Amino acid sequence: MRRMTPALALGLCALLATSVPAHATTGTTGPTPHNHGYSYSYSYSTKASYEPRQNPGTYQPAPNGFVPVFTENVSRHGSRAATDSKDGDLILRLWDQARTEGQLTPLGKEFGPKVRALLAAMDKVGYGNLSGRGERELQGTAVRMAQRLPQLLTTIAEEHEPIDVVSSGQGRAVDSGSVFTDALARTDPALKPLIGPARTDRDLLYFHKAAGGAAYRDWLAHDQRLAHTLQHLTDQPATHAAARRVLARLFEPAFVQRVTDGEFASVGSAVDAAEAVYNLYGIAPAMREESPHGRGWHLDRYIAPRDAAWFGYLNDAEEFYEKGPGFADSDITYKMAGVLLDDFFRQAEAKRDGTSKLGAELRFTHAEEIIPLAALMGLPGSTEAATPERPYTYAGNPWRGAAVAPMATNIQWDVFRKGGTYLVRMLYNEKETSFKASCRPVAQGSRFYDLEELERCFGRKAG
């Protein structure tokens, strides 16, 4: 792979200098062209907690005579504890040193005990495991699915149609499936005996670590263009300035300067320390129910909105290039998601062809699978790749981790039948969502698509 030229590097830095728009740097939330009117902060990136994106009373009714006969989804696991304690450990080493030397700010004195309490809560939940909030997210999506499709669930129960449950096999994905199906069974106890034992399929739902992801892993480890791009994203004046501001809220100026000068090499750079603060800020909402009295950890006190937004942007950029639309001349980041898209089609086609008796197919996975699938399918916010002339910036690209793949993200296809015709409706985070532009709905403005038309526009049959 060719290396980044000096001219490209300079162009990248110039564009990145204006990458965060005003609404992001101020940390405001609310309706934007890309969040469909539901408020959440982009600064949390893919750690954002889940909320459905459409009012249940506004879904389009199925065309006359069509009844639901099958549903299938893929869901990211719910909110969770951090995967390990390294961010907390890193910043606490620095905090302990500053406390010993009397170099903590008044706000900084509060920070260490708060981080220790958060780490203790995550240790109790289990690092990487679903939090209480994560369980509520999965329960909510299950209940709302049942409320959207009562006729289908009645048919499943009356016809004794099995419900298949499959996950990546990773603990939080397995647990997400259990929480989801338990909630579904509580909505209608007749469904409980129809929910099959959960099975594992790593090739389908952990493909970035399975055989199908071998080329991707090699690219991730060795591609020089990727490495240079991410280096230039991070190593720019705005990042170093944000890092100093983050540390200045916790430590006295002389101590911040020593960190910046590299005195505490065992801890890392000032950027490393600031990123640790940001990462704790990012995971705190997922652990809200485990906070004292369930009122939250309030780690936003320790990082200004503009700095949280900047580090959120850097995280988004990394996710965009490593998992999302990425570089315009390559599909390495998302081609491997074809196995999952193929499975969506296979399940719907089997229902149409009479070769499957399933009433529902429920899949539970991770951001590493959802993000490339969104790019492969051309879902909103995932259609624009980067070029050397237009690298990924907030100003120039709609991709946002908090919109594309928050915790408990889900993509659902509902299949409806009338006679020999089968229609599909897609929900993306519970919002009715059009398929890519080359697919024609049954009528202008409709969210329903003939299955044969989807086969045509996704290249599964001749047009």
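Of note:
- The set of residues from segment 119-147 being in contact with a strand residue (DSSP E or B) (Cβ under 7 Å, 6 or more places away or on another chain) and open to solvent by 50 Å² or more (accessible area, probe 1.4 Å) comprises just one member, Asn129.
- Scanning segment 206-218 turns up at least one residue that is open to solvent by less than 60 Å² (accessible area, probe 1.4 Å), without any contact (Cβ under 8 Å) to a residue 40 or more places away in the chain and either among the aromatic types (Phe, Trp, Tyr) or outside any helix (DSSP H, G or I) (or both).
- The set of residues in segment 240-277 that are open to solvent by 10 Å² or more (accessible area, probe 1.4 Å), under 13 Å from Lys86 (Cα atoms) and in contact with a Phe, Trp or Tyr (Cβ under 7 Å, 6 or more places away or on another chain) contains only Glu275.
- Residues of segment 243-294 that turn out to be outside any helix (DSSP H, G or I), under 18 Å from Phe111 (Cα atoms) and among the acidic types (Asp, Glu), as a count: 1
- In segment 83-118, residue nearest to Arg245 (Cα to Cα) [restricted to those that are of a type in the set (Gly, Ala, Ser) and open to solvent by less than 20 Å² (accessible area, probe 1.4 Å)]: Gly108
- Residue in segment 290-307 that is over 22 Å from the mean Cα position of the chain (by Cα) and β-branched (Val, Ile, Thr) present: yes
- The helices (runs of 4 or more DSSP H) located wholly in segment 1-118 that include 3 or more residues which are at pLDDT below 50 and within 28 Å of the chain's Cα centre (by Cα) occupy 6-16, 22-25.
- Residues of segment 71-81 include none that is out of contact with any strand residue (DSSP E or B) (no Cβ under 6 Å at 6 or more places or on another chain), closer than 28 Å to Leu340 by Cβ and open to solvent by 20 Å² or more (accessible area, probe 1.4 Å).
- Qualifying residue in segment 411-421 (condition: under 17 Å from Gly378 (Cβ atoms), out of contact with any helix residue (DSSP H, G or I) (no Cβ under 8 Å at 6 or more places or on another chain), modelled with pLDDT of 95 or more and buried (at least 18 other Cβ atoms within 10 Å of the Cβ)): no
- Sole exception among (1) within 26 Å of Arg217 (Cα to Cα); (2) open to solvent by less than 30 Å² (accessible area, probe 1.4 Å); (3) of a type outside the set (Phe, Trp, Tyr) for Leu362, by number: (1)
- As a summary of the residue check, Asp201 satisfies the conditions (1) at pLDDT below 95; (2) under 30 Å from Ala173 (Cα atoms); (3) acidic (Asp, Glu) except for the one numbered (1).
- For segment 365-386, residues that are open to solvent by less than 50 Å² (accessible area, probe 1.4 Å) and of a type in the set (Ser, Thr, Tyr) total 2.
- Residue count for segment 328-349 under the criterion of being open to solvent by 20 Å² or more (accessible area, probe 1.4 Å) and hydrophobic (A, V, I, L, M, F, W, C): the result is 4.
The values are calculated or read from the model by the stated rules, or taken from the named source; none is laboratory data. Since we're looking at a predicted model, the values are computed, not measured. With ideal geometry, Cβ positions are generated from the backbone for all residues, glycine too; neighbour counts draw on all protein chains shown. Ligands, DNA and RNA are stripped out before the accessible areas are found, and what is left, the full protein with its side chains, is counted by its heavy atoms. Shrake-Rupley method; radii C 1.70, N 1.55, O 1.52, S 1.80 Å.
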